[in-house]
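The structure under discussion appears below in the form of structure tokens.
The values are calculated or read from the model by the stated rules, or taken from the named source; none is laboratory data. Fair warning: this is a prediction, and the values are worked out from it, not measured in the lab. Because the Cβ atoms are built from the backbone with ideal geometry, glycine has one as well, and the counts that use them run over all protein chains shown.
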Amino acid sequence: MVLGSKEGVAHFIWAFCGPGDSIGISDPSYPIYPNQVWLSGARPVPVPLLEENRFLPDLDNLAKIGNKIKLLCLNYPNNPTAGVADLGFFRDIVRLAQKYGFYLLNDCVYSELYFGKRKPPSILQVPGAKERSIEFHSLSKTFNMAGWRIGMAVGNKGLIQALLRIKQNTDSGPFGAIQDAAIYALNHSEKLAAETRKLYLRRRNIFCDELAHFGWQIPKPAATFYIWTKVPNKSNSYNFALSLLKYCRVITAPGIGFGRYGKGYIRFALVQNEKRLRQAAKRIGRWLS
Ligand SMILES: Cc1ncc(COP(=O)(O)O)c(C=O)c1O
């Protein structure tokens, strides 16, 4: 049990990585990955996630750095790109990890927030993956329990033990009532997760359809509650985000904040209700047209 995926990932990186180690980190990435790697004394090696590769790492590129890295950190479904990895991709990655001897971390906090028929897979579904992988999950996203701080780590015994070495000297687990709520959520997960998916699907469609009315066509993401898109007219992502705040009163995250390869992109988070999302999209649409 971890106090949310963020805590688990942070302590795992501290447990497993240190000076002299190189760690493969997606670019763009949820910022705690490169930051925790720096804090541990190790060095992040950027692994570009490009739109033309469906925001998956390029396997040839990974083969080039495979024998230099100790650990490759993945996060699928992905924040910020909303990219989804299929089982075939995970099979290829596990094969590379076995060939070059690096370990794998997958942060799959968004695995229940998908909109198609197929549920995004766990890397642990690949035969042999458990020998070199750890996966993090959380109740924050699926059950809207972000403030409650509860999640889990599963996978290779040695990797879990490394995490435990730090954790048993750091915290003593969440308050009992939070654990009871988590048990309830997990026992009713099919129904609760289906409701959450419906909510984000409606929000996604409202926001994207409204912007499309104004001529900004954004491909609808297949998972997560993020929309990751190129900023119009090749503008600078930071200035564009500032303008959205100033002229539309809409807060977004500029792509450049997630890494060099986030340049030129912007991330919307569908964390407001339908009425406010529609209003936000209308303001942006009017301002752009
Ligand atoms: C990829 C990723 N991992 C972890 C977290 C944090 O999750 P938790 O609340 O479980 O710490 C987030 C939240 O934004 C996230 O996007």
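Take A269 and tell me if it is without any contact (Cβ under 8 Å) to a residue 60 or more places away in the chain and closer than 15 Å to Y30 by Cβ. It is true that A269 is without any contact (Cβ under 8 Å) to a residue 60 or more places away in the chain and closer than 15 Å to Y30 by Cβ. Restricting attention to region 1-56 and to residues that are of a type in the set (D, E, K, R) and either assigned to a helix (DSSP H, G or I) or not assigned by TED's automatic domain parsing to the domain that holds I178 (or both), the residue that is farthest from the ligand (Cβ to nearest atom) turns out to be E52.
Filtered by the rule that a residue be touching a helix residue (DSSP H, G or I) at 6+ places or on another chain (Cβ under 7 Å), part of a helix (DSSP H, G or I) and of a type in the set (A, V, I, L, M, F, W, C), region 225-245 gives a lone residue, L244. One residue stands out among those in region 129-146 that are in contact with a Lys or Arg (Cβ under 9 Å, 6 or more places away or on another chain) and farther than 26 Å from A177 by Cβ: the one that is surrounded by the most Cβ atoms within 10 Å (Cβ to Cβ), which is A129.
Rundown of residues vs (1) closer than 21 Å to A129 by Cβ; (2) in contact with a Pro (Cβ under 8 Å, 6 or more places away or on another chain); (3) among the β-branched types (V, I, T), yes/no style:
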residue: S26; (1), (2), (3): yes, yes, no
residue: R43; (1), (2), (3): no, no, no
residue: E51; (1), (2), (3): no, no, no
residue: L105; (1), (2), (3): yes, no, no
residue: Y114; (1), (2), (3): yes, yes, no
residue: K117; (1), (2), (3): no, no, no
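All of F115, F102, F89, F136 fail the test of being over 20 Å from R54 (Cα atoms) and away from the ligand (no atom under 13 Å from the Cβ), apart from F102.
Restricting attention to region 203-223, which residues are assigned to a helix (DSSP H, G or I) and within 16 Å of R267 (Cβ to Cβ)? Selection gives R203, R204, F207, C208, L211. On the stretch given as region 207-243, residues that are closer than 17 Å to R276 by Cβ and crowded, with 17+ Cβ neighbours inside 10 Å total 7. If only residues of region 106-128 that are under 12 Å from the mean Cα position of the chain (by Cα) and part of a strand (DSSP E or B) are counted, the one that is surrounded by the most Cβ atoms within 10 Å (Cβ to Cβ) is D107.
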